[in-house]
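The values are calculated or read from the model by the stated rules, or taken from the named source; none is laboratory data. Everything quoted here is computed from the prediction, not taken from an experiment. Here the Cβ is made from the backbone with ideal geometry for all residues, glycine too, and neighbour counts use every protein chain on show.
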Amino acid sequence: MNKKTIIWIIVAIIIIATILGTIATFVLSKNKNKPEDIWQKYIACINEQKYEEMYSMLTEDSKAKISQDDFISRNKNIYDGIDMTDMQIKISSVEEENSTTSKISYNQSMNTDAGKIEFDNTVRLTKNKEKGYLVNWSSSLIFPTLGNNDKVRIKTISAERGSIIDKNSQVLAGQGSVSSVGIVPGKLSDNKEADIEKIANLLGTTANSISKSLSASWVKDDTFVPLKKIAMDATDLKNQLLQIPGVKITTAKGRTYPLGEAAAQLVGYVQTITAEELETNRGKGYTATSVIGKAGLEKQYEERLKGKDGVEIYIEGEDGTRKKDIARIDVQNGETIKLTIDSKIQTKLYNELKENEGFFVVMQPKTGELLALVSTPSYNPNSFALGMGTDEWNNIKNNQGNPMLARYLQSYCPGSTFKPVTGAIGLTTGALNAEDTFQYNGLSWKKDGWGEYDITTLTAYSGPKNLKNALIHSDNIYFAQAALQIGKKNFTEGLNKIKFNENIDIGLTTSKSQYANSGDISNEKVLADSGYGQGEILVNPIHMASIYSAFANDGNMVKPYIEAKNINTVEYLVENAFSKEAANTIKDDLIQVVENPEGTANDMKVSGRTIAGKTGTAELKASKDAQADVLGWFDCFTTDENNNQLLIVSMVENGRDLGGSHYLIKKIKTLFQ
């Protein structure tokens, strides 16, 4: 191949490459400026809230009809207002109407507060020599029937919070009537500042906050300016307020708690959501004015109680009429949640113990229904829901009795009420025989090698030192020796079997029961002390109710529950927790604790009823020589065939001066009178 030929070949290649490059550039340029590509880009800008860029994509005619500021404001207000996300289009056709204009038909969808919106629409794009295709814009590109002078409205229909009711449908938490305290500015006296100060003091707020409310732009002389909601029965407070000129009290709706202090820790309360809670619950339908459960079952059942607000999105014509419905989600009111609680029992026992620090757990022993959960001292949940003043909150916060604490959810040293558990484990494992007797004299005993460490008991008694007599007289020494005879392995395995060291799902979050701080009983002394409910034993009261139910159910522990069931089925927490023989032996012995004149719970004897029970005194001291207060316990259950079957676990703090178990027995007996 000569040199001339090579040159011609190179020239030809260059010419062909140039032609191909020109064609490619033309094709790519044409494709890049396709009308459908421009429209897809416009939609992407909506999703990314790039409203200025969207405006730059409009034709000059469109820009002449709406300024950039108005365009941005209209689009932003509408899309933000309906909380639009994930806008998508599916183009069905592109039609060239003439040499400069193309019409695109498409299906559009988006997610909003009122659910998914989907519609068909069209858009025309006009070709500009310098800029390519531009959008012919009007408001109909937002929604097909939206005119340029129309408005998009969003209406929220607030869901009504569900009620919490007791087993007899009595309201424990629900919508009720409250008093709304406010001021009519034109009726204030000439000494307005002093009157506002008085009102602020009575309502537990500040004069500054009241003045701020009165200075709102909508307030006129004859306007009722609401300040605070208070309970309907706050008669004394209302009388004091009404003596001040300008004060007006009306009736309003609000969340109320008819049992007040009697069920405060159980039911809990609602308050206005905080900014932090609003952020945590983003996307769950809350607004800055929503209420949210803050404590108790109001908090635990929040998702079910709050309901879902209804939302309507519609177009309002320029004449103010409703022109077109766009989307709607119907309101879903919150659930009504029915509990197993009996308000009469709850209130009665609260009133019996309200001056003390303690608890009552009342359960139906055959079914596991929790009939009462009382903790004292308490607080008024209505005050939280309506808006508590600083002084009232400080009184609660500084109360040494800790009224916010639900004591029945905690774990405590059970003292002698634990002795039946030790006995039942011993009988079930065969390590203990009901007729076995232990040999010791006097009111103290210690094993060889224990040094100065003694086990002491309070009462000397005649007769054999067997299981029955040890329960009747609450003999610490017997149960210390019984625990040693049972042995650590049998003892801890028996406790593990009945759910020690486990969280128990009963519809409430309870603390675990334990037999050792470290997870294992460390030595013989601790094992011996554990036998009579001391050592490192801690028991949750609701768990204890389930354990005691085994003595009423042939050894099966019923599962406690608080939400009423539609069907009457019994669910066991532990089947065969103890052998049938062991459970019935313990039951019979506990009946004698009440029936026998020498029994420690003989004062619980009720004519016409057969009751099994066990007293308990839990010592709260670091050593045998220390002097400290005690927890008084009393646990009992009915054993006769009667519709009024009850199992009660109770405790009072500072029991030494009160009389401990016997103080509680007086309270419990009122349920049978």
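Answer yes if at least one residue in region 59-80 is touching a Leu at 6+ places or on another chain (Cβ under 7 Å), surrounded by 13 or more Cβ atoms within 10 Å (Cβ to Cβ) and modelled with pLDDT of 95 or more, and no otherwise. Among the residues of region 59-80, at least one is touching a Leu at 6+ places or on another chain (Cβ under 7 Å), surrounded by 13 or more Cβ atoms within 10 Å (Cβ to Cβ) and modelled with pLDDT of 95 or more, which makes the answer yes. Identification of helices (runs of 4 or more DSSP H) wholly contained in region 357-431 with 3 or more residues that are over 25 Å from Ile345 (Cα atoms) yields 390-397, 419-429.
The combined condition, being touching a Gly at 6+ places or on another chain (Cβ under 8 Å) and either surrounded by 14 or more Cβ atoms within 10 Å (Cβ to Cβ) or more than 30 Å from Asp330 (Cβ to Cβ) (or both), is fulfilled by Ala159. Where helices (runs of 4 or more DSSP H) fall entirely within region 261-351, those with at least 2 residues that are in contact with a helix residue (DSSP H, G or I) (Cβ under 8 Å, 6 or more places away or on another chain) are at 264-267, 296-300.
Determine, yes or no, whether Thr492 is buried (at least 20 other Cβ atoms within 10 Å of the Cβ), modelled with pLDDT under 95 and not aliphatic (A, V, I, L, M).
Values: buried (at least 20 other Cβ atoms within 10 Å of the Cβ): yes; modelled with pLDDT under 95: no; not aliphatic (A, V, I, L, M): yes.
Taking the combined requirement at face value, the residue does not satisfy it.
No other residue among Ile498, Ile472 is of a type in the set (A, V, I, L, M, F, W, C), surrounded by 19 or more Cβ atoms within 10 Å (Cβ to Cβ), farther than 19 Å from Glu536 by Cα and under 44 Å from the mean Cα position of the chain (by Cα) apart from Ile472. Assess whether Ala173 counts as being crowded, with 18+ Cβ neighbours inside 10 Å, under 25 Å from Val291 (Cα atoms) and modelled with pLDDT of 90 or more. For Ala173, the condition - crowded, with 18+ Cβ neighbours inside 10 Å, under 25 Å from Val291 (Cα atoms) and modelled with pLDDT of 90 or more - is met. Taken over region 117-156, the residue count meeting the criterion of being in contact (Cβ under 8 Å) with a residue 60 or more places away in the chain, farther than 24 Å from Thr59 by Cα and surrounded by fewer than 14 Cβ atoms within 10 Å (Cβ to Cβ) is 1. Pairing residues of region 379-397 that are closer than 18 Å to Ser177 by Cβ with residues that are of a type in the set (A, V, I, L, M) and assigned to a loop (DSSP other than H, G, I, E, B), at Cβ distances under 6 Å and at least 6 apart in sequence or on separate chains, gives Asn382/Ala231. Number of residues in region 459-478 that are in contact with an Asp or Glu (Cβ under 9 Å, 6 or more places away or on another chain) and in a loop (DSSP other than H, G, I, E, B) equals 6. Right, Gly632: within 34 Å of the chain's Cα centre (by Cα), surrounded by 18 or more Cβ atoms within 10 Å (Cβ to Cβ) and of a type outside the set (A, V, I, L, M) or not? Considered against the rule, which asks whether it is within 34 Å of the chain's Cα centre (by Cα), surrounded by 18 or more Cβ atoms within 10 Å (Cβ to Cβ) and of a type outside the set (A, V, I, L, M), Gly632 comes out as yes.
Please determine whether any residue of region 87-108 is among the small types (Gly, Ala, Ser), under 26 Å from Glu312 (Cβ atoms) and either at pLDDT below 95 or not in a strand (DSSP E or B) (or both). Lay out the reasoning, then the answer.
So in region 87-108, the residues among the small types (Gly, Ala, Ser) come out as 92-93, 99, 102, 105.
This time we only want the ones that are under 26 Å from Glu312 (Cβ atoms), so: none.
No, that holds for no residue.
May I ask you to verify whether Leu305 is outside the structural domain of Phe143 (by TED's automatic domain parsing), more than 27 Å from Lys198 (Cα to Cα) and of a type outside the set (D, E, K, R)? Here the answer is yes, as Leu305 does meet what is asked. In region 560-579 there is at least one residue matching the filter, namely being surrounded by fewer than 21 Cβ atoms within 10 Å (Cβ to Cβ) and over 32 Å from the mean Cα position of the chain (by Cα). When we screen Tyr379, Tyr412, Tyr478, Tyr453 for residues that are more than 30 Å from Asp603 (Cα to Cα) and modelled with pLDDT of 95 or more, the only hit is Tyr379. Scanning region 35-57 for residues that are within 13 Å of Ile72 (Cα to Cα), under 46 Å from the mean Cα position of the chain (by Cα) and of a type in the set (Phe, Trp, Tyr) returns a single hit, Tyr51. Considering Lys512, Lys489, Lys525, the condition of being in contact (Cβ under 8 Å) with a residue 60 or more places away in the chain, assigned by TED's automatic domain parsing to the domain that holds Val421 and over 20 Å from Phe359 (Cβ atoms) is satisfied by Lys525 alone.
Would you call Leu484 in a helix (DSSP H, G or I) and out of contact with any Leu (no Cβ under 7 Å at 6 or more places or on another chain)?
no
Consider region 279-297 and keep the residues that are farther than 26 Å from Leu339 by Cα and modelled with pLDDT of 90 or more. The one that is surrounded by the fewest Cβ atoms within 10 Å (Cβ to Cβ) is Glu279. Note on region 217-268: among residues that are in contact with a strand residue (DSSP E or B) (Cβ under 9 Å, 6 or more places away or on another chain) and basic (Lys, Arg), the one that is nearest to Arg161 (Cα to Cα) is Arg255. Please find, within region 393-417, the residue that is farthest from Leu631 (Cα to Cα) out of those that are touching a helix residue (DSSP H, G or I) at 6+ places or on another chain (Cβ under 8 Å) and of a type in the set (A, V, I, L, M, F, W, C). Applying the filter and picking the extreme gives Met404. Among the criteria (1) over 15 Å from Pro420 (Cβ atoms); (2) β-branched (Val, Ile, Thr); (3) crowded, with 16+ Cβ neighbours inside 10 Å, the one Thr509 does not fulfil is (3). The requirement of being charged (D, E, K, R) and more than 30 Å from Ala406 (Cα to Cα) is not satisfied by Lys253.
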